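Report on one structure; see the data block that follows.
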Amino acid sequence: MRTLASISKHPIHRMLVVFPIGLGIFSLICDLVGLSVATSAVRFTVALYPMGGGLIGALAAVEVRECPRCVAITSMILRHHARRAA
């Protein structure tokens, strides 16, 4: 599948999807450990941060999937500035 949002002919969306999945699973594991331990306030706090990271990663993956032209335009601008600097 050829998309505008790609790095070396590899779609960026597929690269970004693994982070929300992994962080969501890690957050679930932290929640389960927190339920099994009596003093679990710290473990629930630890589970909160991966969930937030997973949500941010999911939003980034959706943005790349739904708006590849935005990513392509941004990369063109960055390439243009890099050529000027060199």
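Quick notes on this structure:
- With neighbours defined as other Cβ atoms within 10 Å of a residue's Cβ, the residues Arg14, Arg79, Arg43 order from fewest to most as Arg79, Arg14, Arg43.
- Exposure proxy order (Cβ contacts within 10 Å, fewest to most) of Ser27, Ser8: Ser8, Ser27
- Val62/Val42 FRET efficiency (R0 35 Å; Cβ-Cβ; nearest 0.05): 0.65
Readers should treat all values here as calculations from the given coordinates under stated rules, not as data from a laboratory. All values derive from a computational prediction rather than experimental measurement. So basically every Cβ, Gly included, is an ideal-geometry build from the backbone, and we count neighbours across all protein chains shown.
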